[in-house]
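The values are calculated or read from the model by the stated rules, or taken from the named source; none is laboratory data. Just so it is clear, the structure is predicted and the values come from calculations on it, not from any experiment. FYI the Cβ positions are ideal-geometry reconstructions off the backbone, even for glycines, and counts take in every protein chain you see.
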Amino acid sequence: MLADLAVHRATTLADALGLLASAASRPAVLAGGTDLMVLLNARTWTPAEVLDIHGIDALRGISLEGDRLHLGALASYADLIESSLVQTHSPALVEASRTVGAVQIQARGTLGGNVANGSPAGDTLPVLMAQGCDVVLVSSAGERKVRFDDFYRGYRDPDIRPDELIARFEMDPLPAGAKSVFRKVGTRLAQAISKVILGAVGVVGPDGRVSSLRLSAGSVGPVPLRLRATEAAAIGLPPAEAAVAARAAAAEEVVPIDDVRSTADYRREVTARLAARVVSEL
Amino acid sequence: MKQSVDVTFELNGAPVTVYDVPPLQRLLDTLREELRVTGTKEGCGEGECGACTVLIDGRPVNSCLVPVVQLEGAKVVSVEGLAEGARLSTLQRVFVEAGGAQCGICTPGILLAARALLDREPDPSRDTIREAIAGNLCRCTGYQRIVEGIEQAAAEERAAKGS
Amino acid sequence: MSVGTSPPRSDGAAKVNGDARYIDDLAFPDMLHGVTVRSTTAHARYRGFKLDPDYDWTDIVVVDFRDIPGPNEINLIELDQPCLVQDIIRHPEEPVLLLAAPTRERALEARKHVHIREEPLPSVLDMDTAAAAETVIWGENNEIARLTIRKGAGVGCVDAALEANPGATLFEGEYCTGWQEQMYIEPQGVIAQPYGSRGVAVHGSLQCPYYVVKALTHLFKLHEDQVRVVQTVTGGGFGGKEEYPNILSCHAALLALKAGKPVKIVYSRDEDLACTTRRHPCVTRHRTAVGDDGSWLAAEVDIRLDGGAYATLSKVVLSRAIIHAIGPYRCPDVAFDGVVLATNTPPNGAFRGFGAPQVCFAVERHVDAIAAARGADPAAYRRFLAMQVGDTTATNQLLKGSVSANEVLDRALGMAEWESRRADCDRINASGGAPPQKPRPGLGDTPRLRGVGMSFFLHGGGFTGNGEARIQGEVEMVVQPGGDILILSGSTDIGQGQRTTHALIAADVFGLPLDRVTMALPDTSKVPDSGPTVASRTCMVVGKVIEDCAVALLARVMGEEAARPGPDAWGEAVDAFLKAEGDASVKLKYQTDPDTRWNPDTYEGDAYPCYSWACDVVEVEVEPDTLEVTISGFWSAQDVGKAIHPVIALGQLEGGSLQGLGFATIEEMRFKDGKLLNDRMTNCIIPTSLDAPEMHVHMVEEPFPGGPSGAKGIGELPMDGPAPAVLAAIEHATGIRLESLPASPEALMTAAARSAS
């Protein structure tokens, strides 16, 4: 029952980290609430103790450090959309944020929450993976960086230690001449969970061949996938041929399932087609 | 760790304090049950329908997903805060005239989403209006009268401001 | 205020300022909160329940079937549905026990500590299994209802026509539609409380207060005077709150009478989705003999509806479906057969359209197939085939007048620029597509294929045949000192603007402003039974009685010659009359046309007093890689007879049309072992404002003399047409022909792969 639930509302990072360091078992961590409160309402999330970090303003900042975009874990989707820094240095992240739910969700939901929740259907995750980023975790012992490619150990299992919080994300700069793409196939045009997501950052060299490609797919595996085999198949070829290679490779590389939203067959076919389309248009 | 908290925030321009509430009590229930302010509605309890929309510091949110412990010091506006004293605001009046309200259950949420939009963008296109209310489901109207009503209200507000 | 104008609706202010009180906004003193304990298996023997002895049950009220004083039956058409499970469970989510506690949270907690014993039995989960009747779960052979329509040559007419006409062609098709959820944004809810010495009062979100009266008097063995039902402001119904509140009210009443206190039951959304009624799935088979000139020589239609576990209103749904089986098209010889089959799934029930959307989908897809085979333009073929004044319908009803087939076709096709738009699409598709007309984040800019499709349809207004004669809907009208008018009617405003439309009809007769006419609250202790708020009858039928009452009162007070006297003249005349006579009121019933002939056994004759006609045109864009469909245009012309309040009428047409568009594309309910899989709004989806197109709807007015100022019923009409128009547009864009709903990207991709192989 709601009355049995104990909550600590932290307003400083030190306060939150101190609690995590001393806790016998890690309390549930609550930020914007757009994932956890749904589960609380449905009575499928019944924590005993909750650490509310939504008030830690130090975790909200968006800044450019050198050529790396730093995004605070508590930056909301609305913050990302409205930031001229994000519009310039990660336009795909702005696009992805605009497809999350609708304005009400975008006002409260956070990037850190999307990442920590770790749903394979998380809309921002393929963008972070395709552009490349470091997840910066913080504990009372200091900071720890993990490449986003390596961040999920399994289904909904992010590499967050019991005494850690995600502090921020440090985005790799987009390569010169890169095209950055975000594509989401959802169940409808707003308030839509994705059926297939594709994030891509690619460059075609002066020789007319794909010189670099990072490709990430969501909702087609237990975690957001980095499609390395598909990338390898495409790199070195001119876009039209690279697309054909990418289509075949992507169909093999994804591991979608049938669920209440879509089918494995559809997801596989669509990922393959979209990978080809994205590569052909580099 | 606390199992109950006191929270002070501003509701429709007036300070309010709730005492001894569970920290994760939904703002929706704080309004409807604690404060008996029932204009904000529950349609789904999962942040999908937007019937529970209120403004927090000017932004529309689903109050069924906001825990009251996070409200400390916040400025909340619910549908009861839209009227100008005893008179309906331009947005409310035009909305009715345009046929924007049929059964009315989605109306409070839609009006608040519209209010937030018009406060940021006084002259929105129809597509911008549709995006601003995309988190508010309406089953009765087909959205056409709603979009036209918001567009019309925006025009009247601009005219009143002399722009 | 006159008919044909659009004053602000009378309940508008309260709906925009937070004052409107829906059922969950109300709290009565000492009120408890009720929850329902439900079955989990599709078909089982019920072997009792156990309360966890370690849980504190002191302030919890528990009710089971033994607490029912009268018959354990929900009073509807058949008496086959128990109020609470007694010995056999016939569908998942069937109500077994009721619990009430001082808070909703406590009631939900308590529910976790109850255990139901279910011994599974073989279950019937689909229509084919039901039809085979190896396991019988309803009646003798799982058939809840069966109806036939015969005209002309009747049975065997298609084969006979093919034999007699060597140039004729046989066209066959099978068309399928699934469950559709009403998705009113306000979940179902009621508050029941003891009333008088032995009776019960219910406040609730409902369409038909008198249906609830009948359910309560039956279950509790009470007299009508001992029961009071009050409709609260209702957040949408669409048929979903037509008959289901009978069950919910009985449940709340059982708890209230046992506790001696008010009890509120408001469903959570997932419970509402999983447990309450929804649209009947339907399989329609057509066999048509088409002459070499394209006319239909003979038509056989076979309709199968899935009723779920109990009868509810399924027979009436079948009735409407079978009468509308070939819609607005001419055919001299027909044989229609319809059946409702029982399955161990939660019972299906009323949803706007009530059988017509399912069969309209089928006949429109069928007509498109025939047109395509003949190389005919879909619009031209429909114009050719459409009934006109002087034609007879499938039930041999002579269309004497008020037929607007040509006008709605002309209007809709004209607004949509049908021919040039079709040609533009062909050009665009030949060149590989065009960029999306409304770019959106994440949707990419891959050139879209584009298509235009249409549908043409009609909908009978009011109850079938002698339904209105049986209902005898009644209205009372009272003249107040000063000339204000009070209208007492059991009709309910569920969003469709009934309170305003009805008042406007009366105001028009007297020449009064709208605010001088008051609608009494729908409280059965005060208002007469005007019949249920269903079947597109509230304006056309009850509105007519209101018009008759007003005309009668005007004549009584001011003489036969008076017309629209206006507030001053009327007020003066009223005061003089009341001084002399004491009071002025009238109570009238609906007068059916005495020339109406209808045979309910053979389904022959005047099925409906009038028909509304409509034509929809839909434009779609299809993303070629993903087969995502965007509705990029919608044009419609719909015959309303007379738009009493044009803004309200338009709102009905637009709202119903979007429900039809959703039915075509994204609305779906998936079941496994009889249980709903997508039982949350995140997965059981309806269109958002971004999914909805700009809608261009034109109201045609082809008056019906029997309606107030000529108005026809329009509540359901708009629901019927959009779905087949969408599928026709998708076919035009992509060549993919689907004959079932929804046209999801997955279904389109499967169909495309099948035809490619």
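Values for this structure:
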| item | result |
| --- | --- |
| Residue identified as buried (at least 24 other Cβ atoms within 10 Å of the Cβ) and over 29 Å from the mean Cα position of the chain (by Cα) among C:VAL478, C:VAL509, C:VAL452, C:VAL517 | C:VAL509 |
| Counted residues, the stretch B:1-28 - those being under 18 Å from the mean Cα position of the chain (by Cα) and under 13 Å from B:VAL69 (Cβ atoms) | 3 |
| Helices (runs of 4 or more DSSP H) wholly inside the stretch C:351-445 that include at least 1 residues being farther than 23 Å from C:GLY633 by Cβ and under 27 Å from the mean Cα position of the chain (by Cα) | C:356-373 |
| Any pair with Cβ under 6 angstrom, 6 or more apart, that starts in the stretch C:186-205 at a residue that is more than 17 Å from C:LEU219 (Cα to Cα) and ends at one that is of a type in the set (Phe, Trp, Tyr) and assigned to a strand (DSSP E or B) | C:GLU186/C:TYR22 |
| Residue within the stretch C:89-105 that is surrounded by fewer than 18 Cβ atoms within 10 Å (Cβ to Cβ), over 30 Å from C:CYS539 (Cα atoms) and either away from every other protein chain (no Cβ under 14 Å) or touching a residue at least 60 places away in the same chain (Cβ under 8 Å) (or both) present | yes |
| The listed residue being part of a helix (DSSP H, G or I), within 14 Å of chain B (Cβ to nearest Cβ) and among the polar types (S, T, N, Q), out of A:GLN104, A:GLN87 | A:GLN104 |
| Top-ranked residue of the stretch C:481-505 - restricted to ones that are among the aliphatic types (A, V, I, L, M) and assigned to a helix (DSSP H, G or I), ranked as surrounded by the most Cβ atoms within 10 Å (Cβ to Cβ) | C:LEU504 |
| From the options B:CYS44, B:CYS64, residue that is without any contact (Cβ under 8 Å) to a residue 60 or more places away in the chain, at the interface with another protein chain (Cβ under 7 Å from one of its Cβ atoms), surrounded by 23 or more Cβ atoms within 10 Å (Cβ to Cβ) and in a loop (DSSP other than H, G, I, E, B) | B:CYS44 |
| Conditions (1) within 19 Å of the chain's Cα centre (by Cα); (2) within 7 Å of another protein chain (Cβ to nearest Cβ); (3) within 19 Å of C:MET415 (Cβ to Cβ); (4) not small (Gly, Ala, Ser): number failed by C:LEU661 | (2) |
| Which numbered condition A:ALA16 fails, given (1) surrounded by 21 or more Cβ atoms within 10 Å (Cβ to Cβ); (2) farther than 21 Å from A:GLN106 by Cα; (3) free of Cβ contacts under 8 Å to residues at least 60 places away in the same chain | (3) |
| First in the stretch C:543-571 and without any contact (Cβ under 8 Å) to a residue 40 or more places away in the chain and in the same structural domain as C:ALA503 (by TED's automatic domain parsing), second anywhere and part of a helix (DSSP H, G or I) and surrounded by fewer than 16 Cβ atoms within 10 Å (Cβ to Cβ), Cβ under 9 Å, 6 or more apart | C:ARG556/C:GLU581; C:MET558/C:ALA569; C:GLU561/C:ALA555; C:ALA562/C:ALA555; C:ALA562/C:ALA569 |
| Residue in the stretch A:248-266 that is nearest to C:THR750 (Cα to Cα), counting only those that are surrounded by 15 or more Cβ atoms within 10 Å (Cβ to Cβ) and touching an Asp or Glu at 6+ places or on another chain (Cβ under 9 Å) | A:TYR266 |
| C:THR276 under 19 Å from the mean Cα position of the chain (by Cα) and either more than 30 Å from A:ARG43 (Cα to Cα) or polar (S, T, N, Q) (or both) | yes |
| Any hit, the stretch A:240-247, residues being assigned to a strand (DSSP E or B) and buried (at least 19 other Cβ atoms within 10 Å of the Cβ) | no |
| Tally, over the stretch A:250-282, of residues that are free of Cβ contacts under 8 Å to residues at least 24 places away in the same chain, out of contact with any Pro (no Cβ under 6 Å at 6 or more places or on another chain) and either part of a helix (DSSP H, G or I) or among the hydroxyl-bearing types (Ser, Thr, Tyr) (or both) | 5 |
| Single match in A:GLY72, A:GLY33 (criterion: at the interface with chain B (Cβ under 9 Å from one of its Cβ atoms), of a type outside the set (A, V, I, L, M, F, W, C) and surrounded by 15 or more Cβ atoms within 10 Å (Cβ to Cβ)) | A:GLY33 |
| Condition met for C:VAL545 (within 23 Å of the chain's Cα centre (by Cα), closer than 15 Å to C:VAL586 by Cα and crowded, with 22+ Cβ neighbours inside 10 Å) | yes |
| Residue list for the stretch C:203-232, restricted to those being within 16 Å of C:TYR22 (Cβ to Cβ) and either in contact with a Cys (Cβ under 8 Å, 6 or more places away or on another chain) or assigned to a helix (DSSP H, G or I) (or both) | C:PRO209 |
| Complete set of residues in the stretch A:30-56 that are modelled with pLDDT of 95 or more and more than 24 Å from A:GLN191 (Cα to Cα) | A:GLU49, A:VAL50, A:LEU51, A:ASP52, A:ILE53, A:GLY55, A:ILE56 |
| Single residue of the stretch B:121-163 satisfying the filter (on the phi > 0 side of the Ramachandran plot and at the interface with another protein chain (Cβ under 7 Å from one of its Cβ atoms)) that is surrounded by the fewest Cβ atoms within 10 Å (Cβ to Cβ) | B:TYR143 |
| Matching residues in the stretch C:124-140 - criterion: being part of a loop (DSSP other than H, G, I, E, B) and either at pLDDT below 95 or small (Gly, Ala, Ser) (or both) | C:ALA133, C:GLY139 |
| Residue tally, condition part of a loop (DSSP other than H, G, I, E, B), among the β-branched types (Val, Ile, Thr) and more than 7 Å from every other protein chain (Cβ to nearest Cβ), over the stretch B:1-41 | 2 |
| Meets criteria (more than 30 Å from C:PHE171 (Cβ to Cβ), modelled with pLDDT of 95 or more and part of a loop (DSSP other than H, G, I, E, B)) for C:GLN193 | no |
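Results for (1) touching a residue at least 40 places away in the same chain (Cβ under 8 Å); (2) surrounded by fewer than 17 Cβ atoms within 10 Å (Cβ to Cβ), shown as yes or no for each residue.
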position	(1), (2)
C:ASN17	no, no
C:ASP24	yes, no
C:MET31	yes, no
C:THR36	yes, no
C:HIS43	yes, no
C:LEU51	yes, yes
C:GLU73	yes, no
